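Below is one structure; the comments refer to it alone.
The values are calculated or read from the model by the stated rules, or taken from the named source; none is laboratory data. Note that the structure is a prediction, hence the values are computed from the model and not measured. Glycine gets a Cβ as well: all are built from the backbone with ideal geometry, and neighbour counts include every protein chain shown. Heavy atoms of the whole protein, side chains included, go into the accessibility calculation; ligands, DNA and RNA do not. Shrake-Rupley method; radii C 1.70, N 1.55, O 1.52, S 1.80 Å.
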Amino acid sequence: MSALAHTAATVLAATDYTAAEAKGIAGASSAGFAYGLAAIGPGIGIGYLVGQAVQAMARQPESAGQVQTTMFLGIAFTEALALIGFVVFILLKFV
Amino acid sequence: MIGLLAALAAEVPEKVINPVVPDEIGEIFWGALAFFTLWALLRYVCLPPLLKVRAEREQQVLADQEAASAAETQGEQVRRDYEATLAEARSEANRIVEVARVASEAQRSQAVAVAEAAAAEERQAAMADLDAARAQALNQIKGDVASIAISAASKVVQADLDLAQNQSTIDDYVNQASGTR
Amino acid sequence: MLGLQTLVGNLTNIALLAAEGEGGGGVQFPPIENIVKWPALFGEDTFYAFNKIALISMIAMIVPALLFYFAGRKASLVPKKLQNIMEASIDFVEKQVIMPAIGPEGMRYLPMLVAMVFFIWIGNVFEVIPTSHMPANARMANPLMLAMTAWVMFIGVGVKHNGLGYFKSALFPPGVPKALYLLVTPIEFLSTFLIRPFSLAVRLFANMLAGHILLVTFSVLCITLWGFTPLVVVELLSFPMLVAFTGFEFMVAFLQAFIFALLTAVYIGGALHPEH
């Protein structure tokens, strides 16, 4: 969190920043945190999900196709959260 | 080269675009046009022949499978018939062998019986001959013994012994001797 | 000249950056607009502005249409090469998308799902095709349009097959205590009618944009660090990474097309049988 604190300190100390500049600096430095935080949960979730799917496929190889389809569905739903974090990152950083 | 590229870059009008929000209407317009055209083309032009062929192939596969299973049943039937014929033939052969065996057995026992009967008859005849010969020999021996004994005895007593008188004694003795033999 | 940049693609932008980098001495990454902004070939500032994204969309329409047309024109009971490949793709959509998500009655939606898979896939694959290097779906336009199509489709299917009872069963799921409807109904409304199309569009868009930025990052590293400086050793890392991510993005391009079609099929299947 040091970067955030640093940014806040910079923005507060340097009073000659315009509002747009201050917003840009704050946005740029919080963008990385936004994406990093958004990636934690889905990372754990996808790891767990794929691990369980592999276990299921190893136990019952004949149902591998069905498990795979369901696994992709689950990955898609879980991954959406990380991707929304990524979009927030883009919005904070570049817009 | 770099000058050309710089000139190219300078020609690009400075228009800030949003990387996330779809603010270029043209992209949506052409994208929608392309997608819905593709959908319509696939729906009405491109896919029907392929789907028809697939359905036909499925029909064919089903028909072929049916034919194959029919042929299989037929083959099974043929096999069963053949097996039935085979079993029949085998039991027939068994029966024939059994009949032949019984017949030969009867023949054999008959032959044995005939042979045994003949043998028994021959033995009977031989026994009768033997008995007759023995009785004859015995009678002859009886006469010889009596005369020898009388002559011997007359030699012993120095007198003629009458054969007729001592006949009974000799007979007794011979009988005893033949009895004890 | 505008057209040239539109067609030649990112290489121009990256080369420009490399030139700037040599002058400024250091690695400079392009501003995000540079990698998604394309001048129009014609019709600038009108609703039919035809830029590179539009061009890729048109290619993504024409290529599958032609492939299926030539495969189906001389369709025979024993398939030839092209027919075999296209039938395999139909089989893939049937076995992997429709059967698990909808069931046999979903074969009606086969043309839409095949069109989706091919349109998205070919649009995505331009991410790794040399001289193009721009996935059409890294702009929000196509994903949004496709997600709205899927949204209209599954609501339409639900209303067609279940009447207005579809909304009732979607918003008031059976087997929930009455009092909980206060909580469940707004959540169901949000998740079914707002978040579904949004996440469908964002998933495709963000995946492709992220892959695009990844490839651009490693391309910039490879180009700007090439020279007689000690930094050239980074090439040893950045160039294999570029190659590896190109392969990875080729896979992601297909995976995203498959997942988009699969999710659309799942939503349609849920609208067909709302009791599940």
Across segment C:189-201, what is the number of residues that are of a type in the set (Val, Ile, Thr) and buried (at least 22 other Cβ atoms within 10 Å of the Cβ)?
0
Are there any pairs with C-beta distances below 6 angstrom linking a residue in segment C:250-273 that is open to solvent by 10 Å² or more (accessible area, probe 1.4 Å) to a residue that is of a type outside the set (S, T, N, Q) and not in a helix (DSSP H, G or I), with the two at least 6 apart or on different chains, and if so which?
C:250/C:128
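Could you check segment A:54-70 and list, in sequence order, the residues that are small (Gly, Ala, Ser) and within 14 Å of chain C (Cβ to nearest Cβ)?
Pass one, segment A:54-70, residues small (Gly, Ala, Ser): A:56, A:58, A:63-65.
Scanning segment A:54-70 gives A:63, A:64, A:65.
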Take the conditions at pLDDT 90 or above, open to solvent by less than 30 Å² (accessible area, probe 1.4 Å) and closer than 21 Å to residue C:66 by Cβ and apply them to residue C:120. Does it pass?
yes
Looking only at segment C:218-242, and only at residues there that are more than 25 Å from residue C:127 (Cβ to Cβ) and assigned to a helix (DSSP H, G or I), the one that is most open to solvent (accessible area, probe 1.4 Å)
C:230
Of all residues in segment C:89-117, how many are in a helix (DSSP H, G or I) and either open to solvent by 10 Å² or more (accessible area, probe 1.4 Å) or not hydrophobic (A, V, I, L, M, F, W, C) (or both)?
16
How do the pairs read when you match residues in segment A:65-79 that are more than 19 Å from residue A:43 (Cα to Cα) with residues anywhere that are open to solvent by 40 Å² or more (accessible area, probe 1.4 Å) and outside any helix (DSSP H, G or I), using Cβ under 9 Å and keeping only pairs 6 or more apart or on different chains?
A:67/A:60
How about segment C:67-115: which of its residues are touching a residue at least 12 places away in the same chain (Cβ under 8 Å) and at the interface with chain B (Cβ under 8 Å from one of its Cβ atoms)?
C:68, C:71, C:72, C:83, C:86, C:87, C:90, C:110, C:112, C:114, C:115
For the condition in contact (Cβ under 8 Å) with a residue 40 or more places away in the chain and assigned to a helix (DSSP H, G or I), what is the one hit in B:138, B:130?
B:138
Contact list please: Cβ distance under 6 Å, first residue in segment A:33-44 and outside any helix (DSSP H, G or I), second residue modelled with pLDDT of 95 or more, pairs at least six apart or on different chains.
none
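Just to verify a result, which residue in segment B:47-66, among those that are more than 30 Å from residue C:118 (Cα to Cα) and open to solvent by 60 Å² or more (accessible area, probe 1.4 Å), is farthest from the chain's Cα centre (by Cα)?
Restricting attention to segment B:47-66, the residues satisfying the condition of being more than 30 Å from residue C:118 (Cα to Cα) are B:62-66.
Then keep just the ones that are open to solvent by 60 Å² or more (accessible area, probe 1.4 Å); that gives B:62, B:64-66.
On the way: B:62: 42, B:64: 39, B:65: 37, B:66: 37 Å.
My answer is B:62.
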Failed condition for residue C:136, given (1) facing chain B (nearest Cβ under 9 Å); (2) without any contact (Cβ under 8 Å) to a residue 60 or more places away in the chain; (3) not basic (Lys, Arg), with all others met?
(2)
Collect the residues in segment A:71-94 that are facing chain C (nearest Cβ under 9 Å) and over 23 Å from residue C:260 (Cα atoms), keeping them in residue-number order.
A:93, A:94
Within segment B:164-181, how many residues turn out to be at pLDDT 70 or above and open to solvent by 50 Å² or more (accessible area, probe 1.4 Å)?
10
Could you grab the pairs with beta carbons closer than 6 Å, sequence gap of 6+ or different chains, first residue in segment C:219-240 and at negative phi, second one open to solvent by less than 30 Å² (accessible area, probe 1.4 Å) and among the hydroxyl-bearing types (Ser, Thr, Tyr)?
C:221/C:238; C:222/C:238
